[in-house]
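Just so it is clear, none of the values below were taken in a lab; they were calculated from the coordinates. It should be emphasised that the depicted structure is a prediction, and the values quoted were computed from it without experimental measurement. Note: ideal-geometry Cβ built from the backbone for every residue, glycine included; neighbour counts use all protein chains shown.
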Amino acid sequence: MDAEPSVGRSLARIRALLIDMDGVIYFDGATLPGVQEFLSFLRERGIRFAFATNGTNRWPEGHRAKMAGYGIDASDVPIFTAGLAAAEYLAKQGPGRRAYVIGGETLEEQVVQVGGCALDAEQPDYVVVGWSPKFDYDQLETACIAIHRGAKLVLADPDVNDPSPRGPLPGAGAFAAAIMAATGCQAIPIGKPHRAIFEAGLRGLNAEPATSAMLGDRLDSDVAGAAAMGMGSILVLTGLTTPAMLAASPRQPDWVVRNLDELRERWARELG
């Protein structure tokens, strides 16, 4: 079941782990099997870990509260989100910036409170796109007009689809694709597979890429981003990626596991 590991790399060398949440920790409103045991294993073995998500609809505290509702104690775990990474990018662009946000109240709060931007749909400097179940033609129109007037498109969450029990559903990357198609612009991408969250996660864990890995359920964001950073990649088949998708992909992870129980057992064997 395992993909061929990178040359010279073994799970025993991994001392820090970035973990995606949806499709890895939980799915469709329920905790996935083996989560508690796996997180306990990481703590017992002294493997530092943090959560890294392309989500834009919660502050880290909101993610901790969600996991607490599943019985998962993440009170001491750093959480890095694409929404905050986008806001931090905007903060670096200087004061007095204005932004039009597609993505809901939380992303708006982050753009204002962390990014230092004022919200302005008429004359924004940036159009910021995250996930929203309410994306519609009016938002598309407003975004396109702003970009034609000179605004830049910041794509917080590049995922073009998101997992669901009914199959993949449109994600924020699909919304941005419509904007790019209508305007001819190119987005400034922030979330996985791009570097911002990976770099923040490694800094937060005081870790080096060569002894770190990304654990996720997506080839296009988790695996691709880890490879670009020089990190290991672990794909778990409890979320978006199916065995058929994996077999057809030219992009292969360092390790593939069916679930977290399998990963924990293999890792324990390699550590001895």
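Going by how many other beta carbons lie within 10 Å of each one, how would you line up LEU246, LEU17, fewest first?
LEU246, LEU17
Which residues' amide hydrogens lie under 5 Å from the amide hydrogen of ARG98, considering only partners 5 or more residues apart or on another chain, with H built in the peptide plane?
ALA118, ASP125, TYR126
Any idea what diffusion coefficient the range 30-128 gets from Stokes-Einstein, in µm²/s, Kirkwood Rh on alpha carbon pairs, 4 °C, 1.567 mPa s?
Reported coefficient: 86 µm²/s.
Please report Rg over Rh for the range 157-271, where both radii come from the alpha carbon positions and Rh follows the Kirkwood definition.
1.01
Which aspartates and glutamates, on any chain, are close to LYS134 with Cα under 16 Å apart, when same-chain ones fewer than 8 places away are left out?
The reachable aspartates and glutamates, counting only those whose Cα sits under 16 Å from LYS134, are GLU105, GLU108, ASP157, ASP162.
What is the helix-to-structure angle for 172-183, meaning the angle in degrees between its Cα long axis and the longest Cα principal axis of the chain, kept from 0 to 90 and rounded to the nearest 10?
So the inclination is approximately 40 degrees.
Give me the distance in nm between label points sitting 7 Å out from Cα along the Cα-to-Cβ direction at LEU140 and MET180, one decimal.
Between LEU140 and MET180, the label points sit 1.6 nm apart.
Hey, what number do you get for the chain at 222 nm if only DSSP H runs of n ≥ 4 count, each worth -39500 (n - 2.57), divided across all residues, to the nearest 500?
For the chain, the value works out to -10500 deg cm²/dmol.
Treating cross-link reach as a plain straight distance, find the lysines whose alpha-carbon is under 22 Å from the alpha-carbon of LYS192, omitting any fewer than eight places away in the same chain.
Result set, ordered by chain and number: LYS66, LYS92, LYS152.
If I take every Cα pair under 8 Å that is 6 or more residues apart in the range 117-254, average their sequence separation and divide by the length, what percent do I get for the relative contact order?
For the range 117-254, the relative contact order is 17 percent.
Please work out how much length the chain gains when fully extended from ALA247 to ALA268, using 0.36 nm per residue of separation minus the C-alpha to C-alpha distance, in nm with one decimal.
4.9 nm
Output the relative contact order of the range 83-189, whole-number percent, from Cα pairs under 8 angstrom with separation of 6+ residues.
RCO, the range 83-189: 24 percent.
State the label only: which of [x] 14.2; [y] 20.6; [z] 17.1 corresponds to mean projected area of the Cα convex hull in nm² computed from the shown model?
[x]
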